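A.B. asks: One structure is given below, represented as structure tokens, and several questions about it will come after.
The values are calculated or read from the model by the stated rules, or taken from the named source; none is laboratory data. Treat the numbers as computed from the prediction; the structure is a model and nothing was measured. Cβ placement follows ideal geometry from the backbone for every residue including glycine, while neighbour counts extend to all protein chains displayed. Side chains included, ligands, DNA and RNA excluded: accessible areas come from the protein's heavy atoms. Shrake-Rupley method; radii C 1.70, N 1.55, O 1.52, S 1.80 Å.
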Amino acid sequence: MTHSGVIHDGDVRLWIYRHFVDTGRAPSPVEIATCFQLTPGSVEALLRRLQDEADGLLLLPGSHYIWMAEPFSAVPTSFLVRSGPRQWWGNCIWDALAILALVGVDGSISTACPNSGQPLQVSVTNGNLAAAPGIVHFAVPAREWWRDIGFT
Amino acid sequence: MLLFRSEDDIMEWCRQRHIAPGAVFDLERLWRLAARWYDDRLDHAWRRRSVPERQAILDEVGLTGPFWRLTRSSS
């Protein structure tokens, strides 16, 4: 699918999110350029603007590849989200839960206790938590969440 | 934000990293927060939420107190 006419940053932002929802992965800069009929340079500039303006959309340091569009991660993490044959990566347990809520599907989250290594599986059924083992820990106070989002 | 087996695991994990324990709560509350925090991301008219709007969401799910203040000056 390609888009024509005036391209607004918001159109691309939404398309990136839809791409994550539908495929479980981020579109590459080339895929964005192809879809919106943009030059590589204009895609790079657009992605930098989205990084500055679109809350939670970050590029891999030193590149123009998407790292995360919160709650989705473009790289594998310790939070694998599955719904039937579909799967996504969440940036943290908060984001993993948010993916199921945002996509509006039942499914499961596979992770492990960072201290003991014990596998923990969370599941959502009929829009509600069906299995909720463990306890959540926020190490970083809210006012510092975006200082180092990778650690947060 | 990580999911631990128990509070003992949290304390041990923090001790090994020489960091102070942060905030602890159950998945039910995080589920409510997660659903609410991101509920606009697939909206075409999405716009960045203001700090007061974000603070209101934290308040909605009962995350109040200094740890959950998004700015030093917000009350």
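A.B. asks: Of the conditions (1) modelled with pLDDT under 95; (2) more than 7 Å from chain A (Cβ to nearest Cβ), B:Ile19 clears all except one; give me its number.
C.D. replies: The one condition B:Ile19 does not meet is (2).
A.B. asks: With the requirement that a residue be open to solvent by 10 Å² or more (accessible area, probe 1.4 Å) and over 14 Å from B:Leu3 (Cα atoms), what does segment A:88-97 give you?
C.D. replies: Passing the criteria: only A:Trp89.
A.B. asks: Residues to consider are A:Leu97, A:Leu58, A:Leu38, A:Leu47; find the one that is among the aliphatic types (A, V, I, L, M), farther than 29 Å from A:Ala132 by Cα and under 13 Å from the mean Cα position of the chain (by Cα).
C.D. replies: Of the residues listed, the single one that is among the aliphatic types (A, V, I, L, M), farther than 29 Å from A:Ala132 by Cα and under 13 Å from the mean Cα position of the chain (by Cα) is A:Leu58.
A.B. asks: Could you look through segment A:126-144, keep only residues that are modelled with pLDDT under 90, farther than 15 Å from A:Cys113 by Cα and more than 21 Å from the chain's Cα centre (by Cα), and pick out the one that is farthest from the other protein chains (Cβ to nearest Cβ)?
C.D. replies: Here the answer is A:Ala131.
A.B. asks: Does A:Pro40 satisfy the criteria of being in contact with a strand residue (DSSP E or B) (Cβ under 6 Å, 6 or more places away or on another chain) and exposed (fewer than 14 other Cβ atoms within 10 Å of the Cβ)?
C.D. replies: In short, no.
A.B. asks: Suppose the filter is open to solvent by less than 10 Å² (accessible area, probe 1.4 Å), touching a residue at least 24 places away in the same chain (Cβ under 8 Å) and in contact with a helix residue (DSSP H, G or I) (Cβ under 7 Å, 6 or more places away or on another chain); does A:Leu100 pass it?
C.D. replies: It is false that A:Leu100 is open to solvent by less than 10 Å² (accessible area, probe 1.4 Å), touching a residue at least 24 places away in the same chain (Cβ under 8 Å) and in contact with a helix residue (DSSP H, G or I) (Cβ under 7 Å, 6 or more places away or on another chain).
A.B. asks: Right, another one. Considering each of A:Ile66, A:Ile135, A:Ile109 in turn, give the residue that is β-branched (Val, Ile, Thr), in contact (Cβ under 8 Å) with a residue 40 or more places away in the chain and open to solvent by less than 60 Å² (accessible area, probe 1.4 Å).
C.D. replies: Answer to the selection: A:Ile66.
A.B. asks: Evaluate segment B:38-53: report whether one residue or more is within 24 Å of A:Leu120 (Cβ to Cβ) and of a type in the set (Gly, Ala, Ser).
C.D. replies: no
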